[in-house]
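Trainee: Structure incoming, see below.
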Amino acid sequence: MNHLCAVFLIFGVAGGYWGQAFQATAWSSPGTDVFQAFTQHIGAQIGKDKQEFAIADSCTVYFYQHLNKKPRPEFERIHFVPLSRTGPDLDCGKLFPEGLEQARQAFGNTQQRLSLSLTFYQMALVGDGDDNQEYSAHEIQDVLEAFGLPFLDGLPFGGYVMALTGLFDSVRKDVQFKFLMEGMQQLMNKGYRFTEADQTALNQKLN
């Protein structure tokens, strides 16, 4: 039931923009614009998530060091080069006035959101079935329908972008990992695969 409510919520948000999108020039094919806009939207959020995670990570280490304790491995760390490190420009006491427990909670929350954003980026890459960095109308249809959303043939490319980015924003807001994985499985059932090209693109976001 939660998933169904989420689907209707996503459709409602996207649908509000689709009416405006119809005023734009209609495109015969979504082309590269939809894929690029979609992945750039996710990529921008990944950048923010990485920075927030790095700050929480650094401050957690900072507080443990001041307690002369080693950090407890309560979370599996994501392997990427953090954008921030504890130093003179990072005031952990001001960022986390409640100290260690607040920093640890932020560490867990930011890691979870970063993991979801990266997994959703993986799904977006998988949806480009032939790895040409372009979504065909059929690929867009498969991605939308994998999450229970309708596909409107002939929609201007801006409408597709709004539908896909709205899907990401909604899934990320509620951290719906199960819903995301079920959607990706639907794509896999149709023959989509996570390829070496997809892995290379994902690695660029991890670095």
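What follows is calculated from the coordinates using simple rules that are stated; it is not laboratory data. Worth saying up front: this structure is predicted, and the values here are computed from it rather than measured. Glycine also receives a Cβ, built like all others from the backbone with ideal geometry; neighbour counts cover every protein chain displayed.
Trainee: Specify which of the listed residues (E134, E182, E101) is surrounded by fewer than 21 Cβ atoms within 10 Å (Cβ to Cβ), in contact (Cβ under 8 Å) with a residue 60 or more places away in the chain, of a type in the set (D, E) and part of a helix (DSSP H, G or I).
Mentor: E182
Trainee: Another one. Condition test on V171, is it in contact (Cβ under 8 Å) with a residue 60 or more places away in the chain, among the aliphatic types (A, V, I, L, M) and part of a helix (DSSP H, G or I)? Break it down stepwise before answering.
Mentor: Details: in contact (Cβ under 8 Å) with a residue 60 or more places away in the chain: yes; among the aliphatic types (A, V, I, L, M): yes; part of a helix (DSSP H, G or I): yes.
Yes; evaluated as a whole, the condition is true for this residue.
Trainee: Something else: Out of curiosity, is A124 under 21 Å from I46 (Cα atoms), without any contact (Cβ under 8 Å) to a residue 60 or more places away in the chain and assigned to a helix (DSSP H, G or I)?
Mentor: Details: under 21 Å from I46 (Cα atoms): yes; without any contact (Cβ under 8 Å) to a residue 60 or more places away in the chain: no; assigned to a helix (DSSP H, G or I): yes.
Answer is no for this residue.
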